[in-house]
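Contents: one structure, followed by commentary.
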Amino acid sequence: TGALTGDAGAVLSLLAHIVAIALHRAQTYPRAKLDELHDTISGLGNRRAYDDRAAAELSRLERYGHAFSLAMIRLGELESVVDRHGQPAADDVVREVAGLLEQGSRAIDACFRVSAGDFAVVMPGTGLVGAQVLAERFRQRITDAVRAHASIAPRVGVIEAGREAAADLTDRAIAALR
């Protein structure tokens, strides 16, 4: 008893396929959205997510006067790690740096990998002096962590945002790299 035969079995089979397709879509599309905004190696937000967040913070600054600072961190000579040790070693360095940035930042801060060796940390409610202290801490932790890859020397640029375009904000932070 309870065995399905004939039309009932066919209907149940059809419903199973419909449910399988719905489950597949539910699992696939959120992941695609995540991949659109996150760097797959570091797990941090990518350049698109950074641009969105910078624009949002600039809007808050313009509308409410909420200050924020931006730190750009550049891993010098990351390509030499690829040349000497291979891409997996460079990916490990990127993941390690991403973990250090996430561990060292506040919940309100946002960390991004904006290009191969460039990272950004958006720090809402943080003035220049506080951001410089945090960025120096990041630089030191990264230096200590990647000591095995002596060719990597992190450079840090820190700025406090003004009433400016997002592209100008990023350009100023890059120009401040030291």
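The values are calculated or read from the model by the stated rules, or taken from the named source; none is laboratory data. Please read all numbers here as calculations on a predicted model, not as lab measurements. All Cβ positions, glycine included, derive from the backbone under ideal geometry; neighbour counts span all protein chains shown. These accessible areas exclude ligands, DNA and RNA; they are computed on the full protein's heavy atoms, side chains included. Shrake-Rupley method; radii C 1.70, N 1.55, O 1.52, S 1.80 Å.
When we screen A3, A26 for residues that are open to solvent by less than 80 Å² (accessible area, probe 1.4 Å), at pLDDT below 80 and aliphatic (A, V, I, L, M), the only hit is A26. Going residue by residue through segment 94-103, is there one that turns out to be more than 22 Å from L134 (Cα to Cα) and either surrounded by 18 or more Cβ atoms within 10 Å (Cβ to Cβ) or not hydroxyl-bearing (S, T, Y) (or both)? Checked segment 94-103: no residue is more than 22 Å from L134 (Cα to Cα) and either surrounded by 18 or more Cβ atoms within 10 Å (Cβ to Cβ) or not hydroxyl-bearing (S, T, Y) (or both).
Out of curiosity, is A131 open to solvent by less than 20 Å² (accessible area, probe 1.4 Å) and within 22 Å of G65 (Cα to Cα)? Considered against the rule, which asks whether it is open to solvent by less than 20 Å² (accessible area, probe 1.4 Å) and within 22 Å of G65 (Cα to Cα), A131 comes out as yes. Check whether at least one residue in segment 112-132 is in contact with a Phe, Trp or Tyr (Cβ under 7 Å, 6 or more places away or on another chain) and on the phi > 0 side of the Ramachandran plot, and report yes or no. Within segment 112-132, one or more residues are in contact with a Phe, Trp or Tyr (Cβ under 7 Å, 6 or more places away or on another chain) and on the phi > 0 side of the Ramachandran plot. What are the pairs, 6+ residues apart or on separate chains, where a residue within segment 35-57 that is more than 16 Å from A107 (Cα to Cα) and without any contact (Cβ under 8 Å) to a residue 40 or more places away in the chain has its Cβ under 7 Å from a residue that is outside any helix (DSSP H, G or I) and open to solvent by less than 20 Å² (accessible area, probe 1.4 Å)? Here the result reads L37/G45; H38/L44; H38/G45, each pair linking segment 35-57 to a residue that is outside any helix (DSSP H, G or I) and open to solvent by less than 20 Å² (accessible area, probe 1.4 Å). Take the conditions (1) touching a residue at least 60 places away in the same chain (Cβ under 8 Å); (2) closer than 19 Å to R172 by Cβ; (3) open to solvent by 20 Å² or more (accessible area, probe 1.4 Å); (4) touching a helix residue (DSSP H, G or I) at 6+ places or on another chain (Cβ under 7 Å); H66 misses just one of them, which is (1). No other residue among R137, R113, R163, R147 is open to solvent by 40 Å² or more (accessible area, probe 1.4 Å), modelled with pLDDT of 95 or more and among the basic types (K, R) apart from R137. Going through (1) closer than 17 Å to V121 by Cα; (2) touching a residue at least 40 places away in the same chain (Cβ under 8 Å) one by one, G99 falls short only on (2). Give the residue that is modelled with the highest pLDDT, with candidates limited to residues of segment 29-53 that are surrounded by 13 or more Cβ atoms within 10 Å (Cβ to Cβ) and among the hydroxyl-bearing types (S, T, Y). For segment 29-53, the residue satisfying everything is Y50.
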